[in-house]
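To start, the structure under review is shown below, and the notes come after it.
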Amino acid sequence: MNVLVLNCGSSSVKFQLIATDLDQISHDSDARLAHGIIERIGGAAIITFTTEGSPPQRSAAPVRDTRAAVDIILRWIVSKESGIATVNSFADVHAVGHRVVHGGERFSKSVLITEDVLRGIEDGIELAPLHNPANIAGITAARASLGLGVPQVAVFDTAFHHTLPEYAYLYAVPYQFYRRHRIRRYGFHGTSHRYVAYRYRTLRGLAREATNVITLHLGNGCSIAAIREGNSIDTSMGLTPLEGLVMGTRSGDVDVSVVDFIGSKEGLSAAEVESLLNKQSGLLGVSGLTDDMRELLAEAHEHNDRRARLAIEIFCYRARKYIGAYLAAMNGADAIVFTGGIGENSPEIRAAICDGLSWLGVQVDAGRNAVHTSGREGQISAEGSRVSVYVIPTNEELLIARDTVRVVTGAPQRF
Ligand code: ADP
């Protein structure tokens, strides 16, 4: 089955075309046929499409909206230009899998998109005003191009965290706000946490129920999850992705009194302060330089920039505190797994986070740590480390494609 995986954001659409079926899933032998991104939608867009084994094809064109972007992607996929041998017409695209950011309380697993499901995703707009509308636009665009005969599946960022117990997802605010407005922790990056936990247990030959890990997704957005017996039992992002770890431009945890305090001192509304905490804080806010960890590390090394070093220190300290908290929350873990752009590529950040965990029996092997970059998967802890440490590159698109096949064929969803 050829599955088109779509990740529609507010100004970009990313896609992958993945050939997979149940047999391939069980042998981990799925094949990515092509991938690409259209950026700066709404203006002069930049288009980068790549067929596996060929160089990227770059172009620029005005792209009006998500619908136009999805149309361009589909036309390219079936064109001679893409040269994908097994895909020559829309009939060769057998299903579409969508990354949907907020599934609210309703969606605990991936589902076939029906009118009723679409309404449910619309209900999530209140909770994810930037993301869910873009996801809906992607769904309607794919329907318009491919017709209703091609099944479409929604895979939710929040779904994996549905197993959080009540005491972990409720905030200690008056209970009626949960009852009236569903204010609670939802958690995000669920597809990534689920994928790396699955890869970890595959590498170790473990049953799902025997999987006890802490997964750290450190990219532009950052979150951590406590996974006990295969289920997410706590995670750092909350009602929105703002809570928890320090991120590229998000503050993560702050005392909420800060909102009113900054607002009154600087003459800003609550919404403006919230935007500041989302877009101008984190690594960027502390360093005053950049939200990009690679650039920050370069500044710290080449110019010994004090605030670059400080931003990195705060980032690592917060992550370490959360690992400690989750080890307590889950009564110990067998492994810590790093993923995301920073987690997959930076031995320095991994070492800095783990350095302070030696009391807990976490020992990183410097030699192993150094070689796990650029998508290389494996163990970086020393032999004898009480808690193992792994680097596992995430692959949300693959999981979305696999879930799509499972939903379409009615096979049970395993993680
Ligand atoms: P997103 O969350 O948007 O998917 P990524 O997972 O690609 O983003 O992560 C982007 C982050 O990863 C950036 O801060 C980038 O600097 C960082 N990163 C990528 N490569 C390296 C590296 N070699 N060393 C340190 N940080 C890196």
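Just so it is clear, none of the values below were taken in a lab; they were calculated from the coordinates. Just so we're clear, the structure is a prediction, and the values are computed from it rather than from any experiment. Virtual Cβ from ideal backbone geometry, glycine too; neighbours counted across all protein chains shown.
A straight chain from D116 to S257 at 0.36 nm per residue would run longer than the Cα-Cα distance by 46.8 nm.
Bridge orientation summary for the chain: considering DSSP beta bridges with both residues in this region, about 70 percent are antiparallel.
Taking θ as phi - 60° and the Karplus parameters 6.51, -1.76 and 1.60, the scalar couplings of the range 197-206 work out to 5, 5, 4, 4, 5, 5, 4, 8, x, 9 Hz in sequence order, x denoting glycine and proline. Modelled label positions at A328 and Y167, each set 7 Å beyond Cα in the direction of Cβ, lie 1.3 nm from each other.
Each residue of the range 326-337 is assigned a 3J(HN,Hα), and the resulting list reads 6, 4, 6, 4, 10, 6, x, 10, 7, 7, 10, 10 Hz, derived from the Karplus form 6.51 cos²θ - 1.76 cosθ + 1.60 (θ = phi - 60°), x at Gly and Pro. In a Gaussian network model over the chain where Cα atoms closer than 10 Å are linked, find which of G230, G361, G248 has the largest mean-square fluctuation. So, out of G230, G361, G248, the one fluctuating most is G361. Comparing T50, T86, T20 in a Gaussian network model of the chain (Cα springs below 10 Å), the most mobile by mean-square fluctuation is T86. Within the chain, the percentage of alpha carbon pairs spaced more than 39 angstrom apart rounds to 18%. Counting only alpha carbon atoms, the long axis of helix 396-409 and the longest principal axis of the chain meet at about 50°. The HN-Hα couplings worked out from phi for the range 373-387 by the Karplus form 6.51 cos²θ - 1.76 cosθ + 1.60 (θ = phi - 60°) are 9, 6, x, 8, 9, x, 8, 10, 7, 6, 4, x, 5, 5, 10 Hz, whole numbers, x standing for Gly and Pro. Over the chain, dividing the summed -39,500 (n - 2.57) contributions of all DSSP H runs of at least 4 residues by the number of residues returns a 222 nm mean residue ellipticity of -11500 deg cm²/dmol. The C-alpha atoms of the chain define a longest principal axis, and helix 293-302 lies at about 50 degrees to it. Magnitude of the charge dipole for the chain, about its Cα centre and with charges confined to Cβ atoms of Lys, Arg (+1) and Asp, Glu (-1), is about 340 debye.
Highest GNM mean-square fluctuation among E266, E115, E295, for the chain modelled with Cα contacts below 10 Å: E266. Projecting the Cα atoms of A68, I262, N369 onto the charge dipole of the chain (Cβ charges, centred on the Cα centre) puts A68 farthest toward the positive pole. Would you work out the charge dipole size for the range 102-256 about its Cα centre, treating the Cβ of every Lys and Arg as +1 and the Cβ of every Asp and Glu as -1, and quote it to the nearest 20 debye? It works out to roughly 360 debye. Its convex hull of Cα atoms gives the range 342-415 a direction-averaged projected area, equal to a quarter of the hull surface, of 6.1 nm². Placing dummy labels 7 Å off each Cα toward the beta-carbon, the span from T48 to N88 is 3.2 nm.
Taking amide hydrogens as placed 1.01 Å from N in the peptide plane, the amide H of G97 sits under 5 Å from those of L4, V5, L6, V153, each at least 5 positions away in sequence or on another chain.
Taking 0.36 nm per residue of sequence separation and removing the Cα-Cα distance, the A61/D28 pair yields an extension gain of 8.2 nm. Taking amide hydrogens as placed 1.01 Å from N in the peptide plane, the amide H of S381 sits under 5 Å from those of D365, V389, each at least 5 positions away in sequence or on another chain. With the convex hull of the Cα atoms taken as the outline of the range 70-109, the averaged projected area works out to 4.0 nm². Dipole check for the range 282-365: with +1 at the C-beta of Lys and Arg, -1 at the C-beta of Asp and Glu, and the Cα centre as origin, the magnitude is about 360 Debye.
Between V337 and I214, T215, L216, Y390, the built amide H atoms are under 5 Å apart, and every one of these is 5 or more places off in sequence or on another chain. Spin-label model, S10/S358: points 7 Å from Cα along the beta carbon direction are separated by 4.4 nm. Applying 1/(1 + (r/R0)^6) with r as the Cβ-Cβ distance of E272 and S374 and R0 = 35 angstrom yields a FRET efficiency of 0.35.
Antiparallel beta bridges, as assigned by DSSP with both residues in the range 75-233, represent about 65 percent of the total such bridges. For the range 1-139, the Kirkwood hydrodynamic radius comes to 15.9 Å, computed from all pairs of different C-alpha atoms.
Across every pair of non-identical alpha carbons in the range 312-353, the mean reciprocal distance, once inverted, gives a Kirkwood radius of 11.0 Å. Residue farthest toward the positive end of the dipole of the range 78-163, with Cβ of Lys/Arg at +1 and Asp/Glu at -1: which of I136, H98, H161? Looking along the dipole axis, the top candidate is H98.
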